[in-house]
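A.B. asks: Just dropping this structure here.
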Amino acid sequence: MKFSPENYRIPDSKSSSFIDVEEIETILQQAVSSKKMVEQIIQKALNKNRLTLQDTAVLLNANDPESIQKIKNGARKLKEAIYGNRIVLFAPLYVGNKCLNNCKYCGFRASNTEAIRTTLNDQELIEQVEALEDNGQKRLILVYGEHPDYSPEFIAHTVKTVYGVRKGNGEIRRVNINAAPLSIEGFKTVKESGIGTYQIFQETYHPEAYKKYHPSGAKKDYNNRLTSLDRAMEAGIDDVGIGALFGLYDWRFEVMGLVRHVNHLEACFNVGPHTISFPRLQDASTFKQDAKFKVSDEDFTRIVAILRLAVPYTGMILTAREPEAIRKEVLQFGVSQIDGGTKIELGKYAEKETEIEQNLNREQFKINDDRSLNQVIDELLDEDYLPSFCTACYRLGRTGEHFMEFSVPGFIKRFCSTNAILTLAEYIMDYATPSTAEKGWKVIEKNLVDLAKFQNTDELKNRIERIKNGERDLYF
């Protein structure tokens, strides 16, 4: 693929920042938190109203155990009201780890001369996708370093390649992207390949902290990265994902930054981000984080609960960076998407177990939940969740403002549950172990009973029978 510099990045962004550090810090400092105020703000969120920065600051400053528990309980209730018991599953697939940036916290940084630089060729990419399909995956996020080799044309090519892979009943129905900021023309090129969400994480919303951690490379331009998803929206990508790497700066400031970013996108484009991610920084052999910014387990669970209350209709993604116990807890009151069966070393999905040897020089970071996809699904079923591989909205054009038309009135729970059931039925028929299959059919039966309370489930039951008889990819 030929590299087009004008489609790769904006080297010197002159866009003004919508993050006002003084404003955010003043709001945080002046927000007085009381039990009564916390209760009022929780009720505001339960009424499905977006919280203001001032509201969010009150929750962030609530430090007494009673208020913290109320925040978690409120988030749990809100999540159930909007999303029900559905949990969407996906897998990350690293396509290439070449990178020109020098992010101090990242194993892929350019100065790490010990890193083994790899880019999957077409055949290697196909083999990885086939291995993922063999496990039942239907949704992928392709991850790329920031390098001229990973041009918009290259990204678009890899997306089309992934969509073209079929093995048995396996197919990838949605490809999301986590890659460098592009120009408007670059985003248009990628959009034409049929991507789902384009993710770009700001890492830290504090400009001075950002400068400290990103000393060189294209990523050092704070404003270019901050406004990148504006360009994506202008290019017609109305499904974007934001995120912060918690542990680089004060976690309270980062939560405020995320909420401010949501406000900005809604004000400018009439639709906020489809997802928010909140990976937590971990120490590595070559990087030690500032102890005062380290996010404890208790603070991390508070982050998830507060974000759920602040942005009720935004999907929240939790990755395998977090250990099983933490993932299990925050699923209750915030998270709506998780990855399962994750391997972040390039080329690892297609390797046989006997060939796998840990190679830290091909990883970006360490994962703490290395269970297989079936093991993750098995636990979700045990906890009465409804695992979902649904991609219907994206293929039917229910994205951006159209998605909000369905989600804001509270239709996510009702509309998406039926499609989640159908994708779970597919997984049971094609990939589940016998014990998982038994649990899965019981969960489906229970959800059919619940759905029948407010809608006719005859057609849904009919489609389940069609899946049992061999049909696939049925959705509403």
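A.B. asks: Would you work out the charge dipole size for region 22-79 about its Cα centre, treating the Cβ of every Lys and Arg as +1 and the Cβ of every Asp and Glu as -1, and quote it to the nearest 20 debye?
C.D. replies: 580
A.B. asks: Still on this structure, please answer the following. Rg (Å, one decimal) plus Dmax (Å, integer) for the alpha carbons of region 22-79?
C.D. replies: In Å, with Rg to one decimal and Dmax whole: 11.1, 34.
A.B. asks: Shifting gears a bit: Spelling out what I want: for every residue of region 370-381, take phi, set θ = phi - 60°, compute 6.51 cos²θ - 1.76 cosθ + 1.60 (Karplus), and round to whole Hz; glycine and proline get x.
C.D. replies: Once θ is set to phi - 60°, the couplings for region 370-381 become 9, 5, 6, 4, 5, 5, 5, 4, 4, 5, 4, 5 Hz.
A.B. asks: Between residue 121 and residue 26, what length in nm is gained on full extension when 0.36 nm per residue of separation is reduced by their alpha carbon distance?
C.D. replies: Additional length available on full extension: 29.2 nm.
A.B. asks: Across every pair of different alpha-carbon atoms, what Kirkwood hydrodynamic radius in Å does region 264-347 reach?
C.D. replies: Every distinct Cα pair counted, the radius reaches 14.5 Å.
A.B. asks: Sort the following peptides by mean Cβ neighbour count (other Cβ atoms within 10 Å, averaged over residues), highest first: 45-51, 216-222.
C.D. replies: Going by the mean number of other Cβ atoms within 10 Å, highest first, we get 216-222, 45-51.
A.B. asks: Each label point is 7 Å from the Cα along the Cα-to-Cβ direction; what then is the distance between the points at residue 282 and residue 466, in nm?
C.D. replies: Going by the 7 Å Cα→Cβ label model, 4.3 nm.
A.B. asks: If the cut-off is a Cα-Cα distance under 17 Å, which aspartates and glutamates reach residue 188, setting aside same-chain residues fewer than 8 apart in sequence?
C.D. replies: 6, 153, 230, 234, 238, 239
A.B. asks: In addition: Just grab the label-to-label distance for residue 324 and residue 114, each label 7 Å out from Cα along the Cβ direction, in nm (one decimal).
C.D. replies: 3.0
A.B. asks: Please work out the FRET efficiency for the pair residue 169 and residue 266, using the Cβ-Cβ distance as r and a Förster radius of 56 Å; give the result to the nearest 0.05.
C.D. replies: E(calc), rounded to 0.05, equals 0.90.
A.B. asks: When the helix-only estimate is applied to the chain (DSSP H runs of n ≥ 4, each -39,500 (n - 2.57), divided by the residue count), what is the mean residue ellipticity at 222 nm, nearest 500 deg cm²/dmol?
C.D. replies: Helices in the chain give a 222 nm mean residue ellipticity of -13500 deg cm²/dmol.
A.B. asks: Provide the packing ranking of 21-27, 247-253, 305-311, i.e. peptides ordered by the mean count of other C-beta atoms within 10 Å per residue, highest first.
C.D. replies: Highest to lowest by the protection proxy: 305-311, 247-253, 21-27.
A.B. asks: With charges only on Cβ, +1 for K and R and -1 for D and E, what is the dipole size of the chain about its Cα centre, in debye, rounded to 20?
C.D. replies: With only Lys, Arg, Asp and Glu charged at Cβ, the dipole is about 720 debye.
A.B. asks: I would also like to ask the following. Cα-Cα over 20 Å: which of 160/468; 439/461; 328/439?
C.D. replies: Distance filter (> 20 Å) returns 160/468.
A.B. asks: What is the chain's relative contact order, in percent, from Cα pairs under 8 angstrom and six or more apart in sequence?
C.D. replies: It rounds to 20 percent for the chain.
A.B. asks: By its C-alpha gyration tensor, with a ≥ b ≥ c as the square roots of the eigenvalues, how is region 28-187 shaped: rounded for a/c under 1.5, else prolate for a/b larger than b/c, else oblate?
C.D. replies: Cα axes put region 28-187 in the prolate bin.
A.B. asks: Additional query: Where does the chain land on Rg(C-alpha)/(2.2 N^0.38 Å)?
C.D. replies: Rounded to two decimals, the normalised Rg is 0.94.
Read the figures in this text as sums done on the coordinates, not as results from a lab. All figures in this text were calculated on a predicted structure; none of them were measured in a lab. In this analysis, Cβ positions are derived from the backbone assuming ideal geometry, glycine residues included, and neighbour counts consider all displayed protein chains.
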